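Please read the structure below before turning to the comments.
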Ligand SMILES: Nc1nc2c(c(=O)[nH]1)N[C@H]1C(S)=C(S)[C@@H](COP(=O)(O)O)O[C@H]1N2
Ligand SMILES: [Mo]
């Protein structure tokens, strides 16, 4: 069988990239932007330079349609200071205050279920799997606020292709860390821990579905889901699971944390849809974090969060009021 060269990253490249990433993650020697071998010839952007404490994560701007929102990025202090990460508390300021206890090295992700190549991936190998892209995505929380974040990562499809799903794999489940020693709210009865999420296979394979390792030019801060999370920009924020430790491929639709907690409020699909209200509030408008004041005018929420041109086809013929 002839392998398609475009799907193969030369071993030396992967090794070099992995060494550089290992040095970076272990904190020895700050890595200069653009020094990753994979980006040698590509144009390297230094997105929103912020003299922060976190290690830089070099990336190139994504060429993918929909991956360059024209909206102004949310201020870093808002994106990293106003969060939902219930393992660390239910107030929006809790994750930033508490998530310093999260230990992100060593880290690994187990691939399980209906795949030809199950197994454990070390974080370093995941970081080196595919070149990093910067994608500016809008993300809208089901609670009504939205933000615009320059994420860094690559399409989840890159990883899915490597592990070779079997023909009967129809869904992908994401299991996140539940460590009562470092996460003060794991053990509370808020949710059935660990926090899990799921996507249909075609959603998981959609190029906009991002496996994110960084934001604003740096590795992810803990409160935003370090060391790796999902970002699914056309769905409500809770689908974008943080601090993933397991990815499981299945034939049946997996249970999801919020659906188990309140099935009539949170469906499996949870596509952003201004026409389908949450049973307790409207979903027609939103407030942009840091820009729209609590008493100011709200902005209209767009179908599929503005990504209808890219993802609308995935739901052709489906009753979105029924499959909310
Ligand atoms: N593990 C885990 N992932 C999670 C959550 C959580 O509580 N635990 N909250 C979700 C919700 S409701 C939202 S809106 C987004 C928020 O991401 P951000 O804090 O990076 O903006 O993360 C999602 N991922
Ligand atoms: Mo959310």
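The values are calculated or read from the model by the stated rules, or taken from the named source; none is laboratory data. All of these numbers come straight from a predicted model, not from anything done at the bench. Positions of Cβ are backbone-derived with ideal geometry, glycine not excepted, and every protein chain shown enters the neighbour counts.
No other residue among 32, 97, 65, 69 is exposed (fewer than 15 other Cβ atoms within 10 Å of the Cβ) and at pLDDT below 95 apart from 32. Any residue in region 238-249 that is crowded, with 23+ Cβ neighbours inside 10 Å, under 30 Å from residue 55 (Cα atoms) and more than 12 Å from ligand 1 (Cβ to nearest atom)? Within region 238-249, one or more residues are crowded, with 23+ Cβ neighbours inside 10 Å, under 30 Å from residue 55 (Cα atoms) and more than 12 Å from ligand 1 (Cβ to nearest atom). Return yes when residue 237 is under 20 Å from residue 180 (Cβ atoms) and either touching a helix residue (DSSP H, G or I) at 6+ places or on another chain (Cβ under 9 Å) or within 13 Å of ligand 2 (Cβ to nearest atom) (or both) and no when it is not. No. Filtering region 161-191 to residues that are within 12 Å of ligand 1 (Cβ to nearest atom), farther than 21 Å from residue 139 by Cα and either surrounded by 15 or more Cβ atoms within 10 Å (Cβ to Cβ) or modelled with pLDDT of 95 or more (or both) leaves 177, 178, 179, 183, 185, 186, 190, 191.
Return the residues of region 65-86 that are in contact (Cβ under 8 Å) with a residue 24 or more places away in the chain, away from ligand 2 (no atom under 16 Å from the Cβ) and within 12 Å of residue 137 (Cα to Cα); say none if nothing qualifies. Scanning region 65-86 gives 65, 66, 67, 68, 69, 71, 72, 73.
I want to confirm something. Restricting to region 102-113 and keeping residues that are outside any strand (DSSP E or B) and touching a helix residue (DSSP H, G or I) at 6+ places or on another chain (Cβ under 8 Å), which single residue is surrounded by the fewest Cβ atoms within 10 Å (Cβ to Cβ)?
106
Among the residues of region 142-158, the ones that are touching a strand residue (DSSP E or B) at 6+ places or on another chain (Cβ under 8 Å), surrounded by fewer than 19 Cβ atoms within 10 Å (Cβ to Cβ) and farther than 30 Å from residue 295 by Cβ come to 1 in all.
Just to be sure, is residue 267 at pLDDT 95 or above, surrounded by 15 or more Cβ atoms within 10 Å (Cβ to Cβ) and under 20 Å from residue 70 (Cβ atoms)? No, not satisfied. With the structure loaded, tell me whether residue 212 is crowded, with 21+ Cβ neighbours inside 10 Å, out of contact with any helix residue (DSSP H, G or I) (no Cβ under 6 Å at 6 or more places or on another chain) and closer than 15 Å to residue 84 by Cα or whether it fails that test. Considered against the rule, which asks whether it is crowded, with 21+ Cβ neighbours inside 10 Å, out of contact with any helix residue (DSSP H, G or I) (no Cβ under 6 Å at 6 or more places or on another chain) and closer than 15 Å to residue 84 by Cα, residue 212 comes out as no. From the list 221, 274, 233, 254, which residue is farther than 28 Å from residue 99 by Cβ and modelled with pLDDT of 95 or more? Result of the check over 221, 274, 233, 254: 274. Residue 295 fulfils the conditions (1) surrounded by fewer than 16 Cβ atoms within 10 Å (Cβ to Cβ); (2) at pLDDT 95 or above except for a single criterion, (2).
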